[in-house]
Amino acid sequence: MPKILIIHPEGNLNNNPNLTGIVEILCENGYVVDIYSRKRTNIKQVAPCPESQLITTSIHDPNDTAVIFIPEIELSKEALEGLKSNFEQYDLVIGVDRGIIEASEIACLINVPYGLISYEIYFAIETGQEFKIPEILACRDVSFAICQDRLRSGHLAAENHIDSEKIFDIPVAGRSLIPRKRSNILHEALKLDREKKIAVYMGEVNAKWAGFEELFESTDAWDDSWVMILHQRYGYVLSSIAERIKTRKNVYLSPYPSLDLNDLHLLLDSADLGIACYIPQMHSPCFLDCRNLVNIGMASGKIASYLQHGLPILINEIGEMSEYVKRFELGKVFDDFGHIGAILGSLDKTGLHRLGNNCQDFFRRNLNLDLTMQPLLVAIDSLLKSQDLQIAEQIMDIALINNNIR
């Protein structure tokens with residue numbers, strides 16, 4: 001069985017339904033997949049299926065990205081031979097984001113093709129050339145790349161110098177619809193009246209780009225039929241935020257500190273609306289808070305999760321996804337946080353149910369990874385067959401040379 005190596009520095013595989021789904025689909029189609037990630041003690045790190053392995057490492061790296069070796073440090077001949085011996089079992093190497101730098105070097109060392117999965121786009125105008133050039137060089141010979149939509153793929157092609165024809169558009173989303181089974185588990189856990197409508201904010205809470213400050217202030221104008229529940233991605237909320245929440249009668253922290261992907265329905269089946277905010281921080285020292293968010297497109301995992309579970313969404317103006325919300329009636333779009341109270345006041349249970357049906361229909365047609373992954377599967381299959389053919393031809397050439405020598 002062909003073996004695939006994935007290098008994933010962030011290490012949050014179990015919180016990423018898209019990457020988890022990619023691994024599962026590859027395994028279901030006859031591949032063995034090993035994922036190498038940095039050890040993250042604050043989150044769960046396990047392989048998503050029996051045909052895969054998750055190996056974690058703890059290399060000392062100030063940049064917190066090195067998984068197998070530090071690319072900036074030149075390896076000795078002995079170290080290179082050790083790498084080749086350890087990884088020559090693989091037929092394909094895939095790097096996730098900055099993992100492409102290690103992936104390209106390993107692929108070159110063992111003479112196999114390699115690809116890129118890009119969840120984040122680093123813009124050279126923000127990072128500077130010293131940071132960006134290693135990524136560009138690593139992408140010179142990629143056989144394929146995964147991005148999320150035409151806009152982001154265009155930026156990736158320009159920033160990483162990748163032929164646009166090699167890039168597959170696969171939105172950040174999980175696999176297949178998850179039937180909505182309405183529950184009151186949040187009402188019971190937080191002792192809420194069952195008639196209360198719940199707007200859940202899932203994902204990052206602590207960062208400025210997440211819009212918590214603006215969202216929190218808007219709740220002062222929400223009517224009594226609505227409450228907001230904040231569910232931080234990894235279960236940690238700054239104490240300052242937790243204290244502020246206590247001052248509001250209609251804002252709560254999720255009773256679940258962190259949920260596996262398989263248990264996400266416990267949160268979303270009790271909610272009536274999912275909120276997602278993306279506010280680019282153009283003066284932030286963090287590169288990913290700037291142009292990467294301006295061009296968020298179809299790269300929002302939380303929005304996809306809401307839609308997958310049939311939960312209508314409330315989002316700010318973020319471009320492509322906002323247009324889909326309006327065109328396909330997937331929820332509501334706001335251009336001012338001060339308008340949220342009035343928007344919520346216009347939504348009743350009947351309208352929310354109709355929007356929820358639209359959400360699942362949109363997910364099924366446009367986001368379902370089981371469908372969007374198919375063109376890439378064909379390409380990988382063709383790529384590895386071509387690789388096998390080249391190897392077979394090389395073996396035949398060697399055999400002919402040997403016969404001639406004899």
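The values are calculated or read from the model by the stated rules, or taken from the named source; none is laboratory data. This structure is a prediction, so every number in the text was calculated from the model and none was measured. All Cβ positions, glycine included, derive from the backbone under ideal geometry; neighbour counts span all protein chains shown.
Report, by residue number, each residue of region 246-284 that is crowded, with 17+ Cβ neighbours inside 10 Å and among the small types (G, A, S).
Across region 246-284, the qualifying residues are S254, S258, S270, A271, G274, A276.
Surrounded by 14 or more Cβ atoms within 10 Å (Cβ to Cβ) and in contact with a Phe, Trp or Tyr (Cβ under 8 Å, 6 or more places away or on another chain): does that describe M228?
Spelling it out, M228 is indeed surrounded by 14 or more Cβ atoms within 10 Å (Cβ to Cβ) and in contact with a Phe, Trp or Tyr (Cβ under 8 Å, 6 or more places away or on another chain).
Can V93 be described as buried (at least 21 other Cβ atoms within 10 Å of the Cβ) and modelled with pLDDT of 95 or more?
yes
To keep it simple, each residue is scored yes or no on (1) in contact (Cβ under 8 Å) with a residue 24 or more places away in the chain; (2) over 21 Å from the mean Cα position of the chain (by Cα).
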residue: A221; (1), (2): yes, yes
residue: S225; (1), (2): yes, yes
residue: I229; (1), (2): yes, yes
residue: A242; (1), (2): no, yes
residue: R248; (1), (2): yes, yes
residue: L264; (1), (2): yes, no
residue: A276; (1), (2): yes, no
residue: C286; (1), (2): no, no
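Please count how many residues of region 120-134 are within 16 Å of N292 (Cα to Cα) and either of a type in the set (S, T, N, Q) or in a helix (DSSP H, G or I) (or both).
Matching residues across region 120-134 total 6.
Here is a check on your reading of the model: is V294 in contact with a Ser or Thr (Cβ under 7 Å, 6 or more places away or on another chain), among the β-branched types (V, I, T) and either over 19 Å from I318 (Cβ atoms) or surrounded by fewer than 20 Cβ atoms within 10 Å (Cβ to Cβ) (or both)?
no
Identify all residues within region 41-60 that are under 20 Å from A103 (Cα atoms), assigned to a loop (DSSP other than H, G, I, E, B) and in contact with a strand residue (DSSP E or B) (Cβ under 8 Å, 6 or more places away or on another chain); write none if there are none.
A47, S58, I59
Tell me which of these Y234 doesn't satisfy, since it passes every other one: (1) loosely packed, with under 14 Cβ neighbours inside 10 Å; (2) over 27 Å from E195 (Cβ atoms).
If we test Y234 against (1) loosely packed, with under 14 Cβ neighbours inside 10 Å; (2) over 27 Å from E195 (Cβ atoms), just (1) comes out false.
Those residues that are among the β-branched types (V, I, T) and in contact with a helix residue (DSSP H, G or I) (Cβ under 7 Å, 6 or more places away or on another chain), I need them from region 124-145; list them, please.
Correct list: T127, I136, V142.
Report, by residue number, each residue of region 354-389 that is in contact (Cβ under 8 Å) with a residue 12 or more places away in the chain, among the hydrophobic types (A, V, I, L, M, F, W, C), part of a helix (DSSP H, G or I) and closer than 25 Å to G301 by Cβ.
L355, C359, F362, F363, L369, L376, L377, A379, I380
Looking at (1) within 22 Å of K44 (Cα to Cα); (2) in a loop (DSSP other than H, G, I, E, B), which is the one condition that is false for G95?
(2)
Considering only residues of region 263-298 that are outside any loop (DSSP other than H, G, I, E, B) and of a type in the set (V, I, T), which is farthest from K197 (Cα to Cα)?
Across region 263-298, the extreme among qualifying residues is V294.
Return the total of residues in region 153-176 being part of a loop (DSSP other than H, G, I, E, B) and surrounded by 18 or more Cβ atoms within 10 Å (Cβ to Cβ).
In the first step, residues of region 153-176 are kept if they are part of a loop (DSSP other than H, G, I, E, B); the result is 161-163, 170-176.
From what is left, the residues that are surrounded by 18 or more Cβ atoms within 10 Å (Cβ to Cβ) are 162, 170-175.
Matching residues across region 153-176 total 7.
Go through L273, L259, L293 for me and flag whichever is hydrophobic (A, V, I, L, M, F, W, C), under 22 Å from E188 (Cα atoms) and in contact with a Pro (Cβ under 7 Å, 6 or more places away or on another chain).
Just a single option satisfies the conditions, and that option is L273.
Can you name every residue in region 299-345 that is over 11 Å from C277 (Cα atoms), among the aromatic types (F, W, Y) and not in a loop (DSSP other than H, G, I, E, B)?
Listed by number, the residues that qualify are Y306, Y324.
Do the conditions hold for L19, that is, is it assigned to a helix (DSSP H, G or I) and over 28 Å from M298 (Cβ atoms)?
Against the criterion (assigned to a helix (DSSP H, G or I) and over 28 Å from M298 (Cβ atoms)), L19 does not qualify.
Mind listing whichever residues of region 184-212 are surrounded by 15 or more Cβ atoms within 10 Å (Cβ to Cβ), modelled with pLDDT of 95 or more and in a loop (DSSP other than H, G, I, E, B)?
Answer for region 184-212, where residues must be surrounded by 15 or more Cβ atoms within 10 Å (Cβ to Cβ), modelled with pLDDT of 95 or more and in a loop (DSSP other than H, G, I, E, B): L192, K196.
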